[in-house]
Amino acid sequence: MPGADFAGEYGAVKSKEAILEDNAAMAAILRNMRVFTLLLAVAVVLIYVHLAQILYARFVKFPATAFLGTTDAQSVCAPIGLDEPMVADATARDFAVNAIRMIQTYDWTSWRDQINSSTSLYMTLEGRNNYRLSVSEWGIIKDVVAKYQNATATQRGPAVISRQGPTRQPDGTSRYEWEIVVPMTLIYRNSQDRRSENRDFYATIVRTHKSPLNPKGIAIGRLVSTQPVEEGGRP
């Protein structure tokens, strides 16, 4: 029959009800897609509005160079820039002495953890990374471990500021620095032996942002040491 040949070649012809159901399903899919697109557009708009609010608050309403309230809440003052000293010279000297004393105090069992802890407390990120790399090259660490020693440090003379002032940093900013020379005596001892060594430490103290862990707003950016030239000796 002609109708049977047509159905066999092209498949069964859908009924009116099936066609209406397919159209309704397609309309529902399109409707859901339009709703999803609308919700997505609203979400994007809200994200941009929120981002604009954050940028406005950060750079316009509450900029980093805004004003700080005093403890009595009766007056305000502008914050001191990182290119200004912020602390007294004596505070910077005391900080350098205490930091070096702590960094140079460790023992043969936990020297790595102790040096990591003290450098995290007193040094900048770049400063402590460079210092920790140099520690691995120290022959003295191997000696302390091999002889089961404890290392301590005492100040043997006054700390002296050899240079200070704003200094341009690698990132292009300017920060106030103090170059401080601290004479120290390093002491290594165990239950049977004790020896000492004089070293002059050169600490570069850098202004940093204040934080609960760093209320003074200063840290060591670079720390090196040399053996001093003894009086009457040849350099």
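Just the Cα atoms of segment 80-137, one point each, no solvent: what log10 I(q)/I(0) does Debye give at q = 0.17 Å⁻¹?
Listed by q, the Debye log ratios stand at -0.64.
Quick query: amide H of GLN164 versus all other amide H atoms, modeled in the peptide plane; which residues come in under 5 Å with a sequence gap of 5 or more or a different chain?
GLU179
Between VAL45 and SER211, what length in nm is gained on full extension when 0.36 nm per residue of separation is reduced by their alpha carbon distance?
Here the segment from VAL45 to SER211 would lengthen by 56.2 nm.
Report the calculated FRET efficiency for LEU121 and LEU20 (r = Cβ-Cβ distance, R0 = 45 Å), to the nearest 0.05.
0.05
Whole number please: convex hull volume per residue, Cα atoms of segment 89-226, in Å³. Write out the running numbers ahead of the final one.
Numbers: hull volume 14.6 nm³, N = 138.
Output value, Cα hull per residue: 106 Å³.
Magnitude of the Cβ-charge dipole of segment 89-226, K/R +1 and D/E -1, about the Cα centre, nearest 20 debye?
Here the size comes out at about 100 debye.
Students often get this wrong: which residues of segment 184-203 have the backbone nitrogen under 17 Å from the point 7 angstrom along Cα-to-C-beta of TYR148?
188-195
What is the distance in Å between the Cα centroid of segment 30-60 and that of segment 163-180?
For segment 30-60 versus segment 163-180, the Cα centre distance is 43 Å.
R0 = 30 Å: FRET efficiency of GLN192 with GLN227, Cβ-based, nearest 0.05?
0.75
Skipping prolines and chain starts, which residues have an amide H placed within reach, meaning under 5 Å, of the one on ASP83, given they are 5 or more residues away or on another chain?
TYR176
Using the alpha carbons of segment 154-235, what is the convex hull volume per residue in cubic angstrom, as a whole number? Each step should come with its number before you reach the end.
Values: hull volume 12.3 nm³, N = 82.
Dividing the Cα hull volume of segment 154-235 by its residue count gives 150 Å³.
We did not get these values from a lab; they are worked out from the coordinates using the rules stated. For clarity, every value in this text was computed on a predicted model and none was experimentally measured. Reconstructed Cβ throughout: ideal geometry from the backbone, glycine too, with neighbour counts over all protein chains shown.
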